[in-house]
Amino acid sequence: MEMQMEFIRKLPSPQELMEDFPLGEEALAAKNKRDEEIGNIFSGKDSRFILIIGPCSADNEDAVLDYVHRLAKVQEKVKDRLLLIPRVYTNKPRTIGVGYKGMLHQANPEGKEDMLAGITAIRKMHVRVVQETGLTSAEEILYPENHRYLSDILSYAAIGARSVEDQLHRMIASGAGIPVGMKNPTGGDLSVMLNSIEAAQHEQSFLFHGWEVRTTGNPLAHAILRGYVDKFGNNMPNYHYEDLQALLDAYHERVVVNPAVIVDANHSNSGKKYIEQIRISKDVMHSRQVSPEIRQLVKGIMIESYIEDGCQKIGAGVYGRSITDPCLGWEKSERLIMDLAEMA
């Protein structure tokens, strides 16, 4: 029986798209410097704290660039304490596979799905971020095949809660060359996440883009705690002091270098109540102040933030307001960044 799959068109290779939208020498130098700084934080050579902050979904190039320009100004003020990584997520995982799947699928959220327009739009936007602000972004590796379109631009990547058990995601993480955070699965089992981290830290051989490839292993693969959902469907947090201590103990039983965690202040940790991210972030900073071991373990926080508070339906037309999960608006975000710099 034939595959029930329509082959629409052959898309440009990552190399072709990189040539069409190159980073340029100045932006490449900025990226290399940032990569080194971020790597030094994860390996403990730099005591600064990381904030991965930005929209739930990067749905509009103008608004995202506006947001990152604002972030770059604040970075200058807090550079001795914090390193800010803009969250420019262009793939949106959908639990049941329907709805807006991010700029990768729909360059225009109100338009039809168009993967050629999508890969072009996300490449162009990410290049603009580095060239215009000197900041380099974080993305989710939702589809391993697409990571190569941005692999020369990104400084941080995350493997989502629904992907963390997948073998190919773990293998891609082992060769990404940048810190990759492995989220705990939606059911909350930390051993699944830790297995993923170990796999990503090992050398791997696999099939990728029609090539047999071998990776060197990624010593900067680490944990992301994002809360979980219990068997009754309730959101359960895992950012508290006791959770961080339990992760530290679990790390001690593993053969892992650079044990580290980023705490995701939204998702199941906040029950998607975006305003709670302020309290949760400060709670995590307090845990770091109480325990030197936890201070060393917790390298950063992930925050969903945009220009306007909350979220809106697609087509509502409010500039800089999320069309996916609700986000902290800019005013609250800027105040929170300054408060966290004081606590770092």
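The values are calculated or read from the model by the stated rules, or taken from the named source; none is laboratory data. Since the structure is predicted, the reported quantities are computational estimates derived from the model, not experimental observations. As a convention, Cβ positions derive from the backbone with ideal geometry for all residues, glycine included, and neighbour counts pool all protein chains shown.
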*For segment 1-25, name all the residues that are more than 24 Å from the chain's Cα centre (by Cα) and part of a helix (DSSP H, G or I).*
Glu16, Glu19, Asp20, Glu25
_Pull out all pairs, ordered by first then second residue, where Cβ-Cβ is under 6 Å, the residues are six or more apart or on different chains, the first lies in segment 7-31 and is at pLDDT 95 or above, and the second is assigned to a loop (DSSP other than H, G, I, E, B)._
Ala30/Gly134; Lys31/Thr136
*Give segment 158-192 a look and list any residue that's buried (at least 23 other Cβ atoms within 10 Å of the Cβ) and touching an Asp or Glu at 6+ places or on another chain (Cβ under 6 Å), or say none.*
Ala158
*In segment 289-344, what count of residues is obtained for those that are farther than 19 Å from Gly54 by Cα and in contact with a strand residue (DSSP E or B) (Cβ under 8 Å, 6 or more places away or on another chain)?*
3
*Members of segment 265-285 found to be at pLDDT 95 or above, out of contact with any Phe, Trp or Tyr (no Cβ under 8 Å at 6 or more places or on another chain) and not hydrophobic (A, V, I, L, M, F, W, C), listed by number*: His267, Ser270, Gly271, Lys273, Tyr274, Glu276, Gln277, Arg279, Ser281, Lys282
*Filtered residue count, segment 75-92, keeping only those that are more than 12 Å from the chain's Cα centre (by Cα) and among the basic types (Lys, Arg)*: 3
*Hey, among the residues in segment 307-321 that are of a type in the set (A, V, I, L, M) and in contact (Cβ under 8 Å) with a residue 60 or more places away in the chain, which one's nearest to Glu334 (Cα to Cα)?*
Ile307
*Can you tell me which residue among Glu293, Glu331, Glu304 is within 26 Å of Ala72 (Cβ to Cβ) and either touching a residue at least 12 places away in the same chain (Cβ under 8 Å) or in a strand (DSSP E or B) (or both)?*
Glu304
_Positions within segment 224-244 being surrounded by fewer than 22 Cβ atoms within 10 Å (Cβ to Cβ), in a loop (DSSP other than H, G, I, E, B) and in contact (Cβ under 8 Å) with a residue 40 or more places away in the chain, in sequence order_ = Asp230, Pro237, Asn238, His240
_Odd one out for Lys101, checked against (1) buried (at least 16 other Cβ atoms within 10 Å of the Cβ); (2) touching a helix residue (DSSP H, G or I) at 6+ places or on another chain (Cβ under 8 Å)_ = (2)
*Among the numbered conditions (1) under 24 Å from Ala265 (Cβ atoms); (2) touching a helix residue (DSSP H, G or I) at 6+ places or on another chain (Cβ under 9 Å), tell me where Glu37 comes up short.*
(2)
*How many residues are within 30 Å of Gly310 (Cβ to Cβ), surrounded by 19 or more Cβ atoms within 10 Å (Cβ to Cβ), within 18 Å of the chain's Cα centre (by Cα) and not hydroxyl-bearing (Ser, Thr, Tyr) if we restrict to segment 255-279?*
9
*Take segment 106-136 and flag every residue that is under 23 Å from Arg170 (Cα atoms) and assigned to a loop (DSSP other than H, G, I, E, B).*
Thr136
